[in-house]
Structures are given as C-alpha cells and as structure tokens.
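The values are calculated or read from the model by the stated rules, or taken from the named source; none is laboratory data. Because the structure is predicted, anything quoted here is derived from the model rather than measured. Note: ideal-geometry Cβ built from the backbone for every residue, glycine included; neighbour counts use all protein chains shown. The accessibility values were calculated without ligands, DNA or RNA, using every heavy atom of the protein model including side chains. Shrake-Rupley method; radii C 1.70, N 1.55, O 1.52, S 1.80 Å.
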Amino acid sequence: MIIITGTKYEAVLEEVNHRKILFPEYGKNRALLKEFVRSLKGDEIIVTASLELMDLLLMNFRGNENLVVYSNTGEALTFNEAYGLRKYLDFDLRGGKSGESSKVSVLFVEGKTDSKFFKAAYKKVFGFKESRSKGIPENLKLMERLFERDNYELIVKDDSYIAIIPSEGNSGVIRNLGNFLRAMEVFAFMVNKIGLAIDIDDGREHVMESITGKLSLFKYKKSGDRFIVGDTTIIPLLIGAKIELNPCVEWQKPAVEDFMLAVLQADGTLEKIERAINILCIDLKRKLKPKEVIYLAMAAKKFWGNLEGFYEMMIMRTPRWKMERILKKGGIYDKMREVVP
C-alpha cells in the first residue's frame, strides 16, 4: 500500500498511474472510514489529507513494505516509521510549508518526571522561560499539537528554543531519535541539536552502541562523543550519577531521581526525614527505594500534588549556584549547556 500526502501529489501519480487510485471523500465519520479501511486489500494507492484515515491505515497495514510518500519532496516513510511519528510525536504527516527556521534543540528524555526535571533545571540554571507568549517555532510546526499536552515542554531564551519530549524509557529515546531524523529527511525541516538524556543502567558502552546502531541508518559523522547528521548535532546526555545516602536507602541504578535526592540533600530535607527513613527501614525489613524517599519528602514538605510538580517546585526553590553544583557533580552540566542551540 502507498499513501500519498502533500500538495504535489499529481506529479507522483504520473509515475504510478497504471495502478488504481482511491480518493477517500472528506466528511466521512469514523465508522465509515473504518468500513472503508476494512474493504481494502493492501495493494492500493491512496491520496488523502485526512489524518484520521492515515491513522487507521497505519494501524491496519503496519509494516516496512508499505509507504507514506510526501509528494512535496518525493521522499517516503515506511508505515512503521509513520506510525511511530503519529503515536509518539503527534507528527502531522500532511506536511506543509515552513517559514524561517529558528534556533531549536530537541531533548528526548525517558519519562514525564524527567521532562519536568530538565525543564525546571534549564529555567533555573540557564535562564530559559515558558514559550507560551512566543508560540511554536517554524521548525516544530509539524509537531505543534504535541506541546498542548502535559509533560511535553517547550522553553525559550531570547530566540533559542528547547523542546523536551518524554519517550517511554531508554528504548523510546532511541526510537524517537530514528523517527525524528527520518521525518527531517522526508519533510525537509531541521533542528540544530538533538539531546538524548538516557540512564546508563546497562552501562555506557551499551547505550552508545544503541545510539550508533540507530544512526547507522543515516549518513553520520562522529566528533568526539557527539554525532552529526546533516546540519544537526546529536548529543548523548548520559545519566550515571550516584548519590551517597543513608544506608537504609537502596541505590538501584543511575536515574534522574538521584539528582532530586541531591536537591533534597542540599536543602536539608533528607536530614529532617532521616528518622522516618530509619523507622520505615526497620518496619518494612528492607531498604527504601529512592522514589519512596522522595514521597516521604513530599509529605514532609506538605506537598500534595504529583511527583512531577514536586520536582519542578523543589528545583525552582533551590538557589541557582546549588543547582549548578549538583548538575556539575552529576556530570551533566556541560552536556546540558551543549544542547542549548
């Protein structure tokens, strides 16, 4: 199956006019669209500007043998790539003209608490602000709806933007990297830098192998521990800090949680709840997990919101010099600064 999108589809159709062309009508409700999709055999060529229809086709005919062709550039995505762009990045597969590019970086992180941590850290240490008044830069217009959701952050300083996008774990970060690079090729847009914030719980070498494995699908150059694809620099931001804590706290693996524990240690909260940690350790007959300690700290602070809100509040209340010192000690300050476009 081939889906053709974009405004220059007639030129593409000239090359495939020997096959049946289907133009689904506008205005069909979802039930009718589902019925239409069920009637297809999988060898059709379909021209459409309906994202709803595209989503149904991608779900029903997923695979690398089927293609989405963007007629404006003549480049193509596999259905698997297009499905990933729709599901995880809310990418507009219809494409469209983009105006003058801004200085933009994309930072893929593992989860929603990570996105709040990095958003707050960039605001506190590097002077970024919420981007609501400035809107979405042209480079990210094809993902505009993404930033209407909670935990997908867009921040700005002067005319430089950072989009912080949670990605469902280490594998999600690598998956989004590959799909985003493919989208830039097909839809002819670019960002200056892509940061990859990944916990190195399986070891630094394993993480770097995963990144280079994904980049092997593209023409890339290596420069130190960075990678360059076209005009975009890819910066691995590997998280491997270990915070020395009360012996009743079990350190499990490097994670953003370690930086939050360092923040709580810096403001004296961990010292205040040390007795509670020790009592719980005895009562539970096991060491506490880092996240359990953070929940204890939330109770001690009388904070009744969610974990992400607590991360943001604590970082914004921490003096800049302390936060900067925590990031430097954890080995990510310089990489965070590099991600700034």
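Helix 320-329 and the longest principal axis of the Cα set of the chain meet at an angle near 80°.
Accessible area ranking (1.4 Å probe, heavy atoms, ligands and nucleic acids excluded), largest first, for R132, R149: R132, R149. Rounded to the nearest 20 debye, the dipole size of the range 197-259 about its Cα centre is 500 debye, using +1 on the Cβ of Lys and Arg and -1 on the Cβ of Asp and Glu.
Approximating the spin labels as points 7 Å out from Cα along Cα→Cβ, the K134-to-M313 distance works out to 2.9 nm. Charges were assigned to the Cβ only: +1 to each Lys and Arg, -1 to each Asp and Glu. The resulting dipole of the chain about its Cα centre is roughly 860 debye. In order along the range 330-341, the phi-based Karplus estimate (6.51 cos²θ - 1.76 cosθ + 1.60, θ = phi - 60°) of 3J(HN,Hα) comes to x, x, 10, 4, 4, 5, 4, 5, 5, 5, 4, x Hz; Gly and Pro are listed as x.
Compute the angle between helix 169-187 and the longest alpha-carbon principal axis of the chain, please, reported from 0 to 90 degrees and rounded to the nearest 10. Approximately 40 degrees, to the nearest 10. Largest accessible area first, the residues W304, W251, W321 order themselves as W304, W321, W251 under a 1.4 Å probe with ligands, DNA and RNA left out.
Cα-Cα over 28 Å: which of K8/K214; K87/K214; K116/K219; K124/K222? In this structure, K8/K214; K116/K219; K124/K222 exceed 28 Å between Cα atoms.
Near R226, no amide H atom lies under 5 Å from its own; only residues 5 or more places off or on other chains count, and H is placed 1.01 Å from N.
The phi torsions of the range 304-319, fed into the Karplus equation with coefficients 6.51, -1.76 and 1.60 and a -60° offset, translate into couplings of 10, x, 8, 4, 4, x, 5, 4, 5, 4, 5, 5, 5, 8, 7, x Hz, rounded to whole numbers, with Gly and Pro shown as x. Farthest towards the positive end of the charge dipole of the chain, among the residues T48, H206, G330, is the Cα of G330, using unit charges on the Cβ of Lys, Arg, Asp and Glu.
Against the chain, whose longest principal axis comes from its Cα atoms, helix 290-300 is set at around 70 degrees.
Inter-label distance, K272 to D43: 7.1 nm, where each label sits 7 Å from its Cα along the C-beta direction.
Working note: Karplus 6.51/-1.76/1.60 with θ = phi - 60° gives the range 275-285 the couplings 5, 5, 4, 5, 5, 5, 4, 5, 5, 7, 6 Hz, where Gly and Pro are set to x. Amide H to amide H distances under 5 Å link I3 with I46, L67, V68, V69, where only residues 5 or more positions off or on other chains count and H is placed in the peptide plane.
The stretch between K329 and A188 holds 46.8 nm of extra length on full extension. This uses 0.36 nm per residue minus the Cα-Cα distance. Relative to one another, the C-alpha centroids of the range 115-133 and the range 151-167 are positioned 8 Å apart. Net length available on complete extension from E250 to R320 is 22.4 nm, with 0.36 nm assigned per residue and the Cα-Cα distance removed.
The distance linking the range 235-265 with the range 50-77 is 42 Å (Cα centroid to Cα centroid, whole angstrom).
The residue among F147, L307, T78 whose Cα reaches farthest toward the positive pole of the charge dipole of the chain, with charges on the beta-carbon of Lys, Arg, Asp and Glu, is L307. Once both labels are positioned 7 Å from their Cα atoms along Cα-to-Cβ, the gap between R337 and E10 label points is 5.5 nm. When the Cα positions of F126, I273, A262 are compared along the charge dipole of the chain, I273 comes out farthest toward the positive end, with charges on each C-beta of Lys, Arg, Asp and Glu.
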